[in-house]
Amino acid sequence: MDLLENLKKIEEEAELALAGADSLEKLEELRIVFLGKKGKITDVLKQMGKISPEERPVIGQEANKLKDRLNKLLGARKEELADVVRKQRLEEERIDITLPGTEVSAGRAHPLRRVTREIEEIFIGLGFTIEEGPEIETDYNNFEALNVPKYHPARDLQDTFYIDDHYLLRTHTSPVQVRTMARQKPPIRIIAPGRVYRSDEIDASHSPVFYQAEGLVIDKNISFADLKGTIQLFVQAVFGEDTRTRFRPSYFPFTEPSAEVDISCVICRGEGCRLCSHTGWLEILGSGMVHPRVLEMAGIDPEEYSGFAFGMGLDRITMLKYGINDIRLLYENDQRFLHQF
Ligand code: PHE
């Protein structure tokens, strides 16, 4: 019977076509060709009129079987193809986790800032508070109130950047002493880090802009021993327990007596080397007992109160701590330098 034979042919043809279908689109096309409303199986069913009524159910059954069978084949092939597509996508979208990543470079504190913070922490631990003052100062706060009279050599135009008769760029952090005493009654215990300016020629150890930290302590019965103990403790905290200090008599208009403080050389530990010019010592700060005139000008009675003050170069301390041999490195922001910290 031709219709049965037709169905048989359709089956063979469909099997072959489905096995060869290599995409989901192609598969859909084949579904329409064989199983669609105008497809090949429907064609066969349309010819039912031409055959005898007895034969019709047989053909109908066979056609339905074939439909079922093709649907199953189609479904299976669809699965297979979907699997291939999925595998292909996984392959394409695979991430090679062995490749080096993009480096995210985090910012970090500048060595000067780090040392400043460290020093602040040490003094906070001793009960000091942090103070600040403006970089543009009055002549009065920077000099006059610190017992530096007019025509004193320290105010020489060579050293000071004057803005006008009245204002200048502060040459040290000592005016913060003046500002603090004007605002606050004793007891006073402050540390004041900040930028200062002097019209120096630039070289490996001089910069017209640099950093200092000022210390000021005022209370009843403050003596030189308090100054020595405080400085000794500070030096050991920054440079290590075995660092020694030496107080050398010196002169500052705003302290009396005055002393410069040396520490045992951080490189040779006192033996003598190039860094310390074979003396075994390195100068790190100026200090002294606050001059009675300075207290008086601030309205503090020198009969009742006494105090000490000190001023240190933060650049120098940073350089000694990290073995930096040129101050300019601290201001040029060369990434190759900064990345080492
Ligand atoms: N201001 C002084 C300087 O810049 C340092 C100093 C501060 C000295 C406080 C004594 C007391 O050199």
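Looking at Lys67, Lys78, can you tell me which residue is without any contact (Cβ under 8 Å) to a residue 40 or more places away in the chain and assigned to a helix (DSSP H, G or I)?
Lys67
Mind checking which residues of segment 247-297 are of a type in the set (Val, Ile, Thr) and more than 9 Å from the ligand (Cβ to nearest atom)?
Start the filter on segment 247-297 by keeping residues that are of a type in the set (Val, Ile, Thr), which leaves 255, 261, 263, 266-267, 279, 284, 290, 294.
If the condition is that a residue be of a type in the set (Val, Ile, Thr) and more than 9 Å from the ligand (Cβ to nearest atom), then Val261, Ile263, Val266, Ile267, Thr279, Ile284, Val294 are the ones that fit.
In this structure, is Tyr305 open to solvent by 20 Å² or more (accessible area, probe 1.4 Å) and within 17 Å of Val148 (Cβ to Cβ)?
On the way: open to solvent by 20 Å² or more (accessible area, probe 1.4 Å): yes; within 17 Å of Val148 (Cβ to Cβ): no.
No, not satisfied.
Restricting attention to segment 159-168, does a residue exist that is within 13 Å of the ligand (Cβ to nearest atom), outside any strand (DSSP E or B) and touching a residue at least 60 places away in the same chain (Cβ under 8 Å)? Before you say what the answer is, go through the steps one by one.
Taking segment 159-168 first, the residues within 13 Å of the ligand (Cβ to nearest atom) are 159-160.
Within this subset, residues satisfying the condition of being outside any strand (DSSP E or B) are 159-160.
Subset that is touching a residue at least 60 places away in the same chain (Cβ under 8 Å): none.
Within segment 159-168 (the criterion being within 13 Å of the ligand (Cβ to nearest atom), outside any strand (DSSP E or B) and touching a residue at least 60 places away in the same chain (Cβ under 8 Å)), the answer is no, since none of the residues qualifies.
Just give me the residues in segment 204-233 being β-branched (Val, Ile, Thr) and buried (at least 22 other Cβ atoms within 10 Å of the Cβ), in sequence order. Walk me through it before giving the result.
The initial filter retains those residues of segment 204-233 that are β-branched (Val, Ile, Thr), namely 209, 217-218, 222, 230-231.
Those that are β-branched (Val, Ile, Thr) and buried (at least 22 other Cβ atoms within 10 Å of the Cβ): Val217, Ile218, Ile231.
Quick check, is Glu271 in contact with a Cys (Cβ under 9 Å, 6 or more places away or on another chain) and more than 21 Å from Thr318 (Cα to Cα)?
Answer is yes for this residue.
When residues of segment 172-203 are filtered for being more than 16 Å from the ligand (Cβ to nearest atom) and open to solvent by 40 Å² or more (accessible area, probe 1.4 Å), how many remain?
Selection size over segment 172-203: 8.
Write out, first by first residue and then by second, each pair whose Cβ atoms fall under 7 Å of each other, whose residues are 6+ apart or on separate chains, and whose first residue, in segment 170-187, is more than 12 Å from Val294 (Cβ to Cβ) while the second is away from the ligand (no atom under 16 Å from the Cβ) and hydroxyl-bearing (Ser, Thr, Tyr).
Here the result reads Pro186/Tyr305, each pair linking segment 170-187 to a residue that is away from the ligand (no atom under 16 Å from the Cβ) and hydroxyl-bearing (Ser, Thr, Tyr).
The values are calculated or read from the model by the stated rules, or taken from the named source; none is laboratory data. This one's a predicted model, so the numbers in the text were calculated from it and none came from an experiment. Heads up, the Cβs are rebuilt from the backbone with ideal geometry, glycines too, and the neighbour counts pull from every protein chain shown. The area values use the complete protein model at the heavy-atom level, side chains included, leaving out ligands, DNA and RNA. Shrake-Rupley method; radii C 1.70, N 1.55, O 1.52, S 1.80 Å.
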